[in-house]
1. Considering only the range 208-234, how many residues are within 28 Å of P342 (Cα to Cα), touching a helix residue (DSSP H, G or I) at 6+ places or on another chain (Cβ under 9 Å) and not in a loop (DSSP other than H, G, I, E, B)?
2. Return the only residue of R300, R283 being free of Cβ contacts under 8 Å to residues at least 60 places away in the same chain and in contact with a Leu (Cβ under 6 Å, 6 or more places away or on another chain).
3. Give Q134, Q141 a once-over and let me know the one that is in contact with a strand residue (DSSP E or B) (Cβ under 7 Å, 6 or more places away or on another chain), modelled with pLDDT of 95 or more, of a type in the set (S, T, N, Q) and farther than 27 Å from R216 by Cα.
4. Would you mind stating whether G18 is more than 20 Å from R137 (Cβ to Cβ), surrounded by fewer than 16 Cβ atoms within 10 Å (Cβ to Cβ), at pLDDT 90 or above and touching a helix residue (DSSP H, G or I) at 6+ places or on another chain (Cβ under 9 Å)?
5. I need the full set of residues from the range 135-154 which are more than 19 Å from the chain's Cα centre (by Cα) and part of a loop (DSSP other than H, G, I, E, B), in order please.
6. Only residues in the range 332-356 that are in a strand (DSSP E or B) count as the first member; pair them with residues that are among the charged types (D, E, K, R) and at pLDDT 95 or above, Cβ under 7 angstrom, at least 6 apart or cross-chain, and list the lot.
7. If only one of R442, R429 is in the same structural domain as T321 (by TED's automatic domain parsing) and without any contact (Cβ under 8 Å) to a residue 12 or more places away in the chain, which one is it?
8. With the checklist (1) part of a loop (DSSP other than H, G, I, E, B); (2) at pLDDT below 90 in hand, flag the one item P43 doesn't pass.
Amino acid sequence: MADSWTAREAIAAVVDGGRFTELPDAAPEVPHRTDASWESDGPIGWPGYGQSLARAEEHTGERESVVCGTGSIGGTDAVVVSFEFGFLGGSLGERTGDRLEAAYTVARERRRPLVSLIATGGSRMQEGMRALAQLQRVARQSALLRGSGVPQLAVLRDPTTGGGWATLGAGADVILALPGAQVGFAGSRVRPPGADPGAYTAEGQLAAGQIDAVVRREDVRDALARWLRHLTAAPWDGPPEPPGSLAPYADHSRTPTGWETVLRARSPERPRADAYLTAYFDRVQEISGDRCGGTDPGMRCGFGLRRGRSIAYAAQCGTATLPAGYRTAARLVRLAGRLGVPVLTLIDTPGAANDAEAERAGAGAAIADLFAAMATVRVPATTLLIGEGGSGGALALAAPGNLWAAHDSYFSVIAPEAAAAILKRTPDRIPETAGQLRLGPRDLVDLGIARGVVS
């Protein structure tokens, strides 16, 4: 069943006080379009199209399938785009493209975040390829807005399918969806027979890493307000300061051996990422998923507010990192770079997941992509090693030249057990091997890998 919200009801539900200023209709120059092409039955002469438009206008009170304007959400000024599903199924036609292009232009010129409240069945078949070509217009405008450093947020209503999902929806930086909403490129009438219906729902897309959260209708305004605060707050000035160590139980009266350092980092008593993030940030908003079909609960990524300023974070949670985790972190780092928000990363993993499923999911390519994102990000980045630093699977998350270490941590080219096995040493020589690897926090400083040990 289609979303019962009309376009203007959706706007009223999220805009402060319902105060919304609609943008005037705009019709920029589009190749091959003439006034004559819109006489009667549209650009391809679809029989009865003109009558369908008239009925849609009479039924909804709208002149097109999308309403665009400006308003404030939680105190943050934004450009709002809302689809009217009652107008020919919220389909995208040429005049829809006119309105969307105008909205993106206003967002870019005024540097206001763009919020899309989407309910669409896809491109308008009665306009043929002229309708489908609007997806290129929208994609271009989205890319221009992304390049200008202005965030895009989408709320997926029911349904969000076809080109609307593949441009405004999936192309947004943060994607929220209503419970049970139909979400997918293929609409219900064009899917393969026997296709799993769960894959085309908001909940299915969340599990597949394609959206960030499923939000109840009554919570949408608050969720958007929180996200807008985090994405538009003044960024932290310079590299984020590394969080302080949270390891009061550790005995620092003497320098531990290498093996003792490893055991300390592996201790179940040691603080994990959750504790560090809670202590460091006032509030956080988390993204979810790699947009390639996967999620990793062992990698937390999002934006936090510290003393009113925004910092992006990616934090490993002590488990072997999945390919989806690396891709999610790379997505976060690149988004932070576009928005000019500095990055904090917390390293804590025994290494990259190395089972057959991880290899099939592209572990090598995912790690390489995160290395590239961290190496090229144009905002300050800081890394704190809070536990285990297992080889390249941990190093991929490290900020080059700005790594710090907690007392209860280690970083190693390889795990001591694996090193001993490769060297054909007996298990009783694992502690000796750990010492030879020089993997402790002070060793990392002496080797020029870490800048200091956080106390």
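1. The qualifying residues number 8.
2. Working: R300 fails: in contact with a Leu (Cβ under 6 Å, 6 or more places away or on another chain).
From the options R300, R283, the qualifying one is R283.
3. Sole residue among the options that is in contact with a strand residue (DSSP E or B) (Cβ under 7 Å, 6 or more places away or on another chain), modelled with pLDDT of 95 or more, of a type in the set (S, T, N, Q) and farther than 27 Å from R216 by Cα: Q134.
4. It is false that G18 is more than 20 Å from R137 (Cβ to Cβ), surrounded by fewer than 16 Cβ atoms within 10 Å (Cβ to Cβ), at pLDDT 90 or above and touching a helix residue (DSSP H, G or I) at 6+ places or on another chain (Cβ under 9 Å).
5. none
6. Listed by first residue and then by second, the contacts come to D348/R272; D348/E388; T349/E388.
7. Details: R442 fails: without any contact (Cβ under 8 Å) to a residue 12 or more places away in the chain.
None of the other options fit; the residue is R429.
8. (2)
The values are calculated or read from the model by the stated rules, or taken from the named source; none is laboratory data. All values derive from a computational prediction rather than experimental measurement. Positions of Cβ are generated from backbone atoms using ideal geometry, with glycine treated the same way; all protein chains shown enter the neighbour counts.
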